[in-house]
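The values are calculated or read from the model by the stated rules, or taken from the named source; none is laboratory data. All of these numbers come straight from a predicted model, not from anything done at the bench. As a convention, Cβ positions derive from the backbone with ideal geometry for all residues, glycine included, and neighbour counts pool all protein chains shown. When the accessible area is computed, the model is the full protein with side chains, heavy atoms only, and any ligands, DNA or RNA have been set aside. Shrake-Rupley method; radii C 1.70, N 1.55, O 1.52, S 1.80 Å.
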Amino acid sequence: MGGPAAQTRPARCLVPELIGMPSAKFGFIGCGSVGRTLAQAFSRAGHQVAAAWSRGGEGALQMQQEVEGLRALASAQAVADTCDFVWLTVSDDAIARVADGIAWQSHHKVVHCSGATDIEALAKAKSDGATIGGFHPLQMFTDPAVALRGLPGVTVGVEAAEPAFLETLKRLAGDIGCTTVEVPRGQRAIYHASVYYVGPFFIALLSEAVSIWKSFSASERDALNALLPLLAGTTSAVTSSSLAKGMGGCVARGDVGTVRRHIAAIDLFSPNAGELYRSLTERTIPLGLARASLTTSVADQIREALSTAPTAKG
Ligand SMILES: NC(=O)c1ccc[n+]([C@@H]2O[C@H](COP(=O)([O-])OP(=O)(O)OC[C@H]3O[C@@H](n4cnc5c(N)ncnc54)[C@H](OP(=O)(O)O)[C@@H]3O)[C@@H](O)[C@H]2O)c1
């Protein structure tokens, strides 16, 4: 039976000794969306999240309100001097600059959360003797309360030169309910670009759809209320089968007439929207062929329909 401390910790909590850091203190440099979310998540998981610093000051004070026992400190160096495990949750372009300005020690573990930035951005920490790594949660962070609720089940892209530290990062991800994938060395930028298709680019697609709904007088909220359950159905269909088998719709069925009607309507709405519609429809053809519900001859007819140039019509 566990004592009082064990009872208050979640069952999956990492025992600090397991990462070779008895009583490791976590510190956050940069208190934006990701910093605030991870600080709360690790604190709830039983880690000692002790200190934070933010350039503007307000973020660290906010974190102090949100995380029991955390102190907002006056400098990034003060966080490093107080903590063992330092999370550099600043903007990507600031990571190297901030890391370069700190005197690190060999007990430090220093991690950034950028998907696209090489862990070599932490070279100064490494040359001072610290252990470095990358911890990139595949999650959309804006409102920390929303991001915190969404963390369980998220995948974290982890990278570290030292195998033992890579294991530490995996265990830390597990502590906050996440799974991990190892980001191949030197591949961070392309890995991160791929993630954009289901993050910001996906929101751009939703925005395109919403702008069409507005043309028939629906509000953004009306459109989202109608479209987001469709998104849930789409992800369920793909989750339970595969990309190709999860895709329904007129290309999958080979309904060329519907594609033609779409093109005419979208071109009338906006030639610019027509271009995007054509590119995306083109990308669905291989999936329709792969699910064997679209024949090559019907695929050719769809391609022919797409080959017309989008023009403004009166
Ligand atoms: N947002 C996401 O969906 C997401 C997902 C996964 C990973 N990430 C990564 O997580 C990291 C943080 O992103 P975020 O979304 O939390 O960004 P954010 O909300 O914009 O916060 C970034 C923080 O960096 C600080 N900062 C910027 N330039 C600085 C400088 N020169 N010196 C010191 N501090 C500086 C800002 O401080 P002030 O508030 O004082 O200006 C701000 O608190 C980034 O590496 C990002 O790529 C983000």
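Over the range 4-187, the alpha carbon radius of gyration divided by the compact-protein estimate 2.2 N^0.38 Å works out to 0.92. Per residue, the accessible area of the range 191-314 comes to 61 Å² when a 1.4 Å probe rolls over the protein heavy atoms. The lysines within cross-link reach of Lys109, meaning a Cα-to-Cα straight distance under 20 Å and a gap of 8 or more places when in the same chain, are Lys25, Lys124, Lys126, Lys170.
The order of the peptides 84-90, 231-237 by mean Cβ neighbours within 10 Å, most packed first, is 84-90, 231-237. Highest-first packing order for the peptide set 179-188, 60-69, 113-122 is 113-122, 60-69, 179-188, based on the mean count of other beta carbon atoms within 10 Å.
If you take the Cα Rg of the range 200-306 and divide it by 2.2 N^0.38 Å, with N the number of residues, what do you get? Numbers along the way, then the final one.
Working: Rg = 14.4 Å, N = 107, 2.2 N^0.38 = 13.0 Å.
Its radius of gyration relative to the 2.2 N^0.38 Å reference: 1.11.
Among DSSP bridges having both ends in the range 72-169, what percentage is antiparallel? Round to the nearest 5.
Values: 5 of 13 bridges.
That works out to approximately 40 percent antiparallel.
What separates the Cα centres of the range 250-314 and the range 172-216 is a distance of 25 Å.
For the chain, with all protein chains in place and a probe radius of 1.4 Å, 56% of the accessible heavy-atom surface sits on carbon or sulfur.
Send over the per residue convex hull volume for the range 21-104, Cα only, as a whole number of Å³.
Numbers: hull volume 7.0 nm³, N = 84.
Given the Cα convex hull of the range 21-104, per-residue volume reads 83 Å³.
Counting alpha carbon pairs within less than 8 Å and at least 6 residues apart, what relative contact order, in whole percent, applies to the range 200-306? Please report the intermediate quantities before stating the final value.
Numbers: 81 pairs, mean separation 25.8, N = 107.
Dividing the mean separation by the residue count of the range 200-306 yields 24 percent.
Panel note: the C-alpha atoms of the chain, placed on their principal axes, show extents of 67, 40, 39 Å (largest first).
What number, rounded to the nearest 500 deg cm²/dmol, is the helix-based mean residue ellipticity at 222 nm of the chain, given -39500 (n - 2.57) per DSSP H run of at least four residues and division by all its residues?
The helix contribution divided over the chain gives -15000 deg cm²/dmol.
Classified by the C-alpha gyration tensor, the range 213-261 has an oblate form. Its axis ratio a/c, with a ≥ b ≥ c, is 1.5 or above, and a/b does not exceed b/c. Taken over the alpha carbons of the range 121-259 as equal point scatterers, the Debye sum produces base-10 log I(q)/I(0) values at 0.17 Å⁻¹ of -1.13.
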